[in-house]
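Step one of this worksheet: look at the structure below.
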Amino acid sequence: MQSNGAGQGQDSELSCLNSAQNGESSSAGGTHFNGLLVSTNNGNSVGTNNGAGPGSGTSTASGSEVGSMKKKKRLSQSEEDVIRLIGQHLHGLGLNQTVDLLMQESGCRLEHTSATKFRNNVMEGEWEKAENDLNELRALMHSPNAIVRMKFLLLQQKYLEYLEDGKVLEALQVLRGELTPLKYNTDRIHVLSGYLMCSHAEDLRAKAEWDGKGANSRCRLLDKLQTYLPPSVMLPPRRLQTLLRQAVELQRDRCLYHNTKLDSSLDSVSLLLDHVCSRSATHSGKQFPCYTQQILTEHCNEVWFCKFSNNGTKLATGSKDTTVIIWQVDPESHQLKLLRTLEGHAYGVSYLAWSPDDAYLIACGPDDCSELWLWNVQTGELRTKMSQSHEDSLTSVAWNPDGKRFVTGGQRGQFYQCDLDGNLLDSWEGVRVQCLWCVGDGRTVLASDTHQRIRGYNFEDLTDRNIVQEDHPIMSFTVSKNGRLALLNVATQGVHLWDLQDRVLVRKYQGVTQGFYTIHSCFGGHNEDFIASGSEDHKVYIWHRRSELPIAELTGHTRTVNCVSWNPAIPGLMASASDDGTVRVWGPAPFLDTQVVDGLNENCSNMDS
């Protein structure tokens with residue numbers, strides 16, 4: 001494999017000294033190992049032993065030994081790269097003697113001798129020497145303009161250090177006599193000139209967002225300078241850690257059951273084994289909800305909707321029995337306890353929406369319901385009961401992000417924007433609304449209608465545009481937290497994932513039975529990596545967002561599952577509402593022996609391929 005940014009011939013010349021012949025170094029006068037010069041003496045290479053093995057610290061290789069070195073198998077480019085990566089990592093740990101021995105035995109070079117000299121001069125603040133080093137590095141670089149950029153960075157550091165030391169005249173000379181003649185990044189030069197007015201060092205560091213003179217700022221400078229050098233000359237900083245982190249992230253991305261907060265630290269995983277999650281609590285998939293941990297039976301008729309609050313501390317359920325029940329989630333056991341019952345919804349409750357601050361809850365009814373109820377969750381009091389006309393059908397609602405307004409509508413052509421007291425602020429005529437969602441910009445409302453589409457409506461400038469077009473009725477939809485993706489339940493088709501920004505269909509999820517009943521699906525888990533939906537075959541289906549096939553089928557309900565809600569604060573907790581009159585609360589399988597867990601999880605079918 002070729003090194004990134006350099007040809008094979010150059011790599012061999014810069015990275016490895018295996019080409020040394022007859023005991024003579026490929027560089028004039030000596031060979032450079034990890035910044036240590038190894039001189040030649042009468043054809044014998046003399047290098048530092050660093051205390052390893054017998055001898056007083058200096059080893060002499062005879063001509064026969066040099067000849068045996070020539071017989072060693074030549075390292076491939078990838079092998080050289082690995083050795084350099086290991087060497088860089090060991091060097092970062094302070095194991096410099098080990099690095100020297102590794103480079104000597106392998107015949108490789110951690111970095112080019114000019115790069116080593118350049119690094120040392122930068123870290124020691126020898127700016128004139130570092131500038132001279134740039135001339136040596138010029139021939140090794142692919143972009144001639146890179147020299148100017150690197151010189152600018154060096155002089156900027158030099159200028160700031162002079163200012164911090166109180167050497168204003170010297171700093172001014174750098175600014176006028178060295179930085180300005182480069183004719184590069186004049187905007188930045190104007191900013192730098194303003195730092196001359198700083199009264200003390202702390203003021204300078206704050207305004208320049210700079211660590212101050214010393215190792216920290218110079219290390220940051222080196223990281224920036226390295227980006228202009230080919231990796232065959234100087235490795236990118238902490239390259240081995242970067243590669244390992246990328247490998248771990250890729251394994252997590254491919255893990256269908258991974259449901260824990262992403263941690264970029266390598267200390268959070270084992271590098272000795274591949275990352276694997278399962279639904280079983282005996283593995284790291286202990287956050288995956290696949291086990292019925294509680295069945296709520298307080299409703300006495302079909303349960304049409306369920307929704308966790310935005311902070312995850314409560315669950316609201318709406319039923320055909322005309323009640324809304326608010327449940328409290330125990331933060332430790334994750335068990336749900338009845339908090340209060342909200343009564344009087346004559347037509348039943350088919351849709352619920354929490355306000356952004358979870359202080360209020362709006363309840364809507366089915367198609368023939370012309371009213372909506374706005375409840376104060378804390379007190380259980382009805383704040384507003386809104387009805388514009390007995391001919392209306394208010395079946396869906398969505399809160400504006402400011403929490404002071406909401407939009408509501410239905411299939412009879414009503415589409416209103418109202419305040420918390422139910423006062424009509426705006427209306428849109430002739431839109432037969434099936435489902436609503438307010439976009440984060442606070443101006444745009446997404447509405448699915450009877451034309452099998454989702455359109456965006458701007459209530460400020462009264463414009464609308466088509467965003468999604470399906471071939472079958474959109475029964476419901478929900479939007480991801482970042483507003484990029486929409487999850488649609490489409491009649492006779494199932495669950496579809498759309499990219500709202502690119503306006504393209506991303507994926508069709510298989511398995512679910514969806515007719516013309518309204519079923520509500522949801523995003524869930526850490527980073528919303530999972531998708532869950534109810535189904536007319538009495539099951540709850542779970543998919544990984546990138547996989548069309550379900551990774552789990554949760555059984556236990558005995559009639560259609562109308563709605564699922566994934567707790568936004570507890571990634572291992574999910575609820576489902578069914579026509580069987582129950583709400584099932586799903587959590588991770590208990591931590592038991594694997595065989596016991598398998599027996600407990602007969603209600604969770606595995607769909608792994």
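Some notes on this structure:
- Selection status of residue 609, open to solvent by less than 60 Å² (accessible area, probe 1.4 Å) and either in a loop (DSSP other than H, G, I, E, B) or modelled with pLDDT under 90 (or both): no
- Exactly one residue among 221, 244 is of a type in the set (A, V, I, L, M, F, W, C) and without any contact (Cβ under 8 Å) to a residue 40 or more places away in the chain, and that residue is 244.
- Test: residue in segment 182-197 that is among the aliphatic types (A, V, I, L, M), touching an Asp or Glu at 6+ places or on another chain (Cβ under 9 Å) and under 26 Å from residue 133 (Cα atoms): no
- Identity of the residue in segment 289-322, hydroxyl-bearing (Ser, Thr, Tyr) and farther than 27 Å from residue 368 by Cβ, that ends up modelled with the lowest pLDDT: 291
- Matching residues in segment 360-381 - criterion: being surrounded by fewer than 15 Cβ atoms within 10 Å (Cβ to Cβ) and either in contact (Cβ under 8 Å) with a residue 40 or more places away in the chain or in contact with a Gly (Cβ under 7 Å, 6 or more places away or on another chain) (or both): 367, 380
- Residue match in segment 519-527 (condition: open to solvent by less than 10 Å² (accessible area, probe 1.4 Å), without any contact (Cβ under 8 Å) to a residue 60 or more places away in the chain and closer than 22 Å to residue 467 by Cα): yes
- For segment 383-413, a tally of residues being assigned to a strand (DSSP E or B), more than 14 Å from residue 435 (Cβ to Cβ) and out of contact with any Cys (no Cβ under 8 Å at 6 or more places or on another chain) returns 3.
- Restricting 173, 157 to those that are touching a residue at least 24 places away in the same chain (Cβ under 8 Å) and not β-branched (Val, Ile, Thr) reduces the list to 157.
- When 480, 476 are checked against the criterion of being within 28 Å of residue 532 (Cα to Cα), in contact (Cβ under 8 Å) with a residue 40 or more places away in the chain and under 26 Å from the mean Cα position of the chain (by Cα), a single residue qualifies: 480.
- Test: residue 538 is modelled with pLDDT under 95, surrounded by fewer than 23 Cβ atoms within 10 Å (Cβ to Cβ) and in contact with a His (Cβ under 9 Å, 6 or more places away or on another chain): no
- Residues satisfying the stated conditions in segment 148-161, i.e. open to solvent by less than 60 Å² (accessible area, probe 1.4 Å), of a type outside the set (A, V, I, L, M, F, W, C) and more than 34 Å from the chain's Cα centre (by Cα): 158, 159, 161
- Failed item, numbered, when residue 483 is tested on (1) under 25 Å from residue 395 (Cβ atoms); (2) open to solvent by less than 20 Å² (accessible area, probe 1.4 Å); (3) of a type outside the set (Asp, Glu): (2)
- The lone criterion from (1) without any contact (Cβ under 8 Å) to a residue 40 or more places away in the chain; (2) open to solvent by 20 Å² or more (accessible area, probe 1.4 Å); (3) within 26 Å of residue 560 (Cβ to Cβ); (4) of a type in the set (D, E, K, R) left unmet by residue 449 is number (2).
- Considering segment 470-535, the qualifying strands (runs of 3 or more DSSP E), each wholly inside and each with 2 or more residues that are more than 26 Å from residue 578 (Cβ to Cβ), run over 494-499, 504-509.
The values are calculated or read from the model by the stated rules, or taken from the named source; none is laboratory data. What you see is a predicted model; the values in this text were computed from it and never measured. All Cβ positions, even for glycine, are placed from backbone atoms using ideal geometry, and neighbour counts span all protein chains on display. All accessible areas refer to the heavy atoms of the entire protein, side chains included, with ligands and DNA or RNA removed. Shrake-Rupley method; radii C 1.70, N 1.55, O 1.52, S 1.80 Å.
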